[in-house]
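Please read the structure below before turning to the comments.
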Amino acid sequence: MNHAADERVAPILTVTVNPALDISTSTPQVVAEHKLRCSTSRLAPGGGGVNVSRVVRRLGGRTLALYTAGGPIGEAYRRLVEAERVPGVVVPIQGSTRESFTVDDGAGGAQFRFVLEGPELSEGEWRSCLDFVEQTVAPGGIVVASGSLPPGVPHDFYARVVRVARDGGARCVVDSTGPALAAALAEGTFLVAPSRRELEAHVGATLDDEQSRVDAAASLIGAGAAEFVALTLGSEGALLVSATATYRLSAPAVEAVSSVGAGDSFLAGFVLRIAQGRTVEEAFRTAVAAGTAAVLTPASELCRRADVERLEAGLAADAGRKSL
């Protein structure tokens, strides 16, 4: 069923102020101080919000992706986004768009991920991003603010996005870490989607069991920091907590290739279904299916629609046999 054609679908705007040109490759063995011969590299336009837009597009939905770009790397990045037919708005910056590197070790099976710091943004550049959100946000829409903040951008940038979205009648989803996440939570969001490690860092406690994780998520909701907390747990699946319910899904058993982009795929699946007016339970199933599907593909390739639909159907069948 093509939900993208439904005129009732809420508009989705993604915001990425620190995108990265993702370069992935493999080598027979990672050895210190040796010249390592690598396989053909793969290039992809990475960064939280853009990845969400890429996955929504693959699942048949539509978004508008706002992102910064600068220098020759930024130009290559823009071309890759356009090649995937993701509608985008580029905020030009003086600095050069950053890169990230993923290297698979053929001998040990380990994956090494190197994430570079982004270029410093001027006040005019980051304010241009915020201004565009204010001009574009639509009542009933969803704004996804995702990824790290580059140097020069104030730690409360996402909190400002939340405020702008709320003032425009839209819901805001935030996926970030550290001070940026804390400031957004202080403003109050529709949804946050931390990993277990990110939630532990925020609450300052080790969350070794399910009850402690539910309690930590519930404490955020009780404080008015979020309406929903989606806690991704890798191969263990995910938790979704609201003021009235807790949902738990185990991830389908698959042979993982790479975890890169799994969190962004999870978020994209959830946001798309909510935008389509589907239930929270349905959105959660799609999210877990998309996050799981992402680990079936190499590095930054993200998920494939056929895998998502197959895994989602299996989760729906399981839900019919036992309550979420």
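Okay, here's what the table says:
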| quantity | calculated |
| --- | --- |
| Leading residue by the ranking (farthest from ALA262 (Cα to Cα)) among those in the stretch 171-191 that are modelled with pLDDT of 95 or more and of a type in the set (Val, Ile, Thr) | THR189 |
| Filtered residue count, the stretch 29-68, keeping only those that are within 15 Å of the chain's Cα centre (by Cα) and more than 19 Å from PRO119 (Cα to Cα) | 12 |
| Inter-residue pairs, beta-carbon under 7 Å, first without any contact (Cβ under 8 Å) to a residue 24 or more places away in the chain and in the stretch 278-294, second of a type outside the set (S, T, N, Q) and open to solvent by less than 10 Å² (accessible area, probe 1.4 Å), 6+ apart | ALA283/PHE270 |
| Options GLU227, GLU236: the member that is open to solvent by 60 Å² or more (accessible area, probe 1.4 Å) and at pLDDT 90 or above | GLU227 |
| Subset of the stretch 274-303 (residues that are of a type in the set (D, E, K, R), modelled with pLDDT of 90 or more and either over 14 Å from VAL56 (Cβ atoms) or open to solvent by less than 10 Å² (accessible area, probe 1.4 Å) (or both)) | GLU281, GLU282, ARG285 |
| Strands (runs of 3 or more DSSP E) (entirely within the stretch 61-163) containing at least 2 residues that are touching a residue at least 40 places away in the same chain (Cβ under 8 Å) and farther than 30 Å from ALA256 by Cβ | 64-69, 88-92 |
| From the options LEU296, LEU231, residue that is in contact with a Lys or Arg (Cβ under 8 Å, 6 or more places away or on another chain), assigned to a loop (DSSP other than H, G, I, E, B) and of a type in the set (A, V, I, L, M) | LEU296 |
| Pair list, Cβ < 7 Å and 6+ apart or interchain, from the stretch 25-51 residues that are touching a residue at least 12 places away in the same chain (Cβ under 8 Å) and part of a strand (DSSP E or B) to residues that are of a type outside the set (Phe, Trp, Tyr) and open to solvent by 90 Å² or more (accessible area, probe 1.4 Å) | THR27/ARG37 |
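The values are calculated or read from the model by the stated rules, or taken from the named source; none is laboratory data. Treat the numbers as computed from the prediction; the structure is a model and nothing was measured. A quick note on method: Cβ atoms are made from the backbone with ideal geometry, for glycine too, and the neighbour counts reach across all protein chains shown. With ligands, DNA and RNA removed, areas are computed over all heavy atoms of the protein, side chains included. Shrake-Rupley method; radii C 1.70, N 1.55, O 1.52, S 1.80 Å.
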